[in-house]
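The values are calculated or read from the model by the stated rules, or taken from the named source; none is laboratory data. This structure is a prediction, so every number in the text was calculated from the model and none was measured. Note that each Cβ is placed from the backbone with ideal geometry, even for glycine, and that neighbours are counted across all protein chains shown. Areas reflect the complete protein model, heavy atoms only, side chains present, ligands, DNA and RNA absent. Shrake-Rupley method; radii C 1.70, N 1.55, O 1.52, S 1.80 Å.
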Amino acid sequence: MMNALLESHNVSKVYPSGPIRVTAVRDVSLSIAEGEAVGLMGPSGSGKTTLLKLLGLLSRATRGSVFVRGEEVGGSEHRRARLRNQFFGYVHQDFAIIENETVERNVLIPLEYARPRPAWRECRSRTQMVLDQVGIGWARKRNPSKLSMGERQRVAIARALVNNPVVVLADEPTAALDGVTAEEVMTLILSIKDRGASVLIATHDDRVARRCDRIVRIVDGSLVTGGDSPQGRAVLTPVGANRRAVGVSFPGDGTFRVDLADGCALVVPFTWARRLGQATTEQQVNVRIVGDGRILSWPEVGEDIDVLALLEGDKKEAM
Ligand SMILES: Nc1ncnc2c1ncn2[C@@H]1O[C@H](COP(=O)(O)OP(=O)(O)OP(=O)(O)O)[C@@H](O)[C@H]1O
Ligand SMILES: [Mg+2]
């Protein structure tokens, strides 16, 4: 088991909103391992940005705790600020670009807070390097307000990577990018896994989610599945006798759905679907329900698999 770099234990965020209170995140427990890329998916308004801000110490939880490398972060603003600057890289959903500063200054900001602070020359060369990596090295001296949305997004990504963060929290980092550029940027973001860093990406884009190691889904502020609830795992062991599934489909939300012969459906993340190789909607797969119907056997895979949910008719059960 890899070490958890970042964890939340039952974090909730309640926003006052006029006379009512909005619970934007509800009792979310999530653990992100060293070198792991986790995709966070969910409908608009489901709490993705709020959760990223809680985990990234940009916002304080109403209840619950955040742990960095196994240590509870706590309320000390000094400690939170130090971790924000040294541990995390953020790609904000709205890019958070400072309009009257150059692209270079925008990207440099995390280096100014780094301790020890690198020499100026080093700051500039690192900034140039990440701008080159995201394909906008030419824009270093430009004013960001003159850039296209996709270029601005890449400025935000360069800023998140410039300080070699241990965890990158990226909020819809490819929303303004075309498919090819999005793929390139994802490759760049995911390359930080090679040095044991981790990534949490909020996204609506299946192509992005598919490249993550694991997908968690949030609905109305709660993780529906794929979190760390003990019953969130099903152990799949090889078996001989298989039952035929009646259908396989891609609902378009980053999951892969196997409808079973008895009317139940198993929803699994794309990462599992990938094991099927060139799975198509037509492909038949063999699965078998054993025990109480929650534990499935998969003939070719003899390891732990994250199961998102077992759907039975209209009743949706988070496992
Ligand atoms: N500062 C705030 N004050 C009050 N309510 C807020 C605030 N920020 C977010 N909310 C509410 O919390 C809920 C979750 O918002 P959040 O931005 O986290 O969703 P999201 O999943 O990131 O959505 P999107 O996919 O549209 O980016 C929404 O109902 C939103 O209106
Ligand atoms: Mg959001």
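For region 134-143, the Karplus equation 6.51 cos²θ - 1.76 cosθ + 1.60, evaluated at θ = phi - 60°, returns couplings of 8, x, 10, x, 5, 9, 3, 9, 6, 8 Hz by residue, with Gly and Pro reported as x.
Only protein atoms count toward the accessible area here, which uses a 1.4 Å probe; on region 77-180, the carbon and sulfur part of that area reaches 51 percent.
Close amide H contacts of residue 222 (hydrogens built in the peptide plane, cut-off under 5 Å, sequence separation of 5 or more or a different chain): 26. Other residues within the sphere of radius under 10 Å centred on the Cβ of residue 173, judged by their own Cβ, net out at -2 (K and R +1, D and E -1).
For the residues 204, 9, a 1.4 Å probe over the protein chains yields an accessible-area ranking, largest first, of 204, 9. Note: relative contact order over region 43-162, using C-alpha pairs below 8 Å and six or more positions apart, is 28 percent.
Taken per residue, the accessible surface of region 4-225 reaches 43 Å², heavy atoms only and a 1.4 Å probe. Each principal axis of the Cα cloud of region 1-100 was evaluated for its coordinate range; sorted largest first, these ranges are 43, 39, 30 Å.
Here the average projected area of the convex hull drawn through the C-alpha atoms of region 4-225 stands at 12.2 nm².
Counted by Cβ distance under 13 Å from residue 47, the other residues give a net charge of +2, where Lys and Arg count +1 and Asp and Glu count -1. If you add up the charges near residue 132, with Lys and Arg at +1 and Asp and Glu at -1, over every other residue whose beta carbon is less than 13 angstrom from its beta carbon, what do you get? So the environment of residue 132 carries a net charge of +2.
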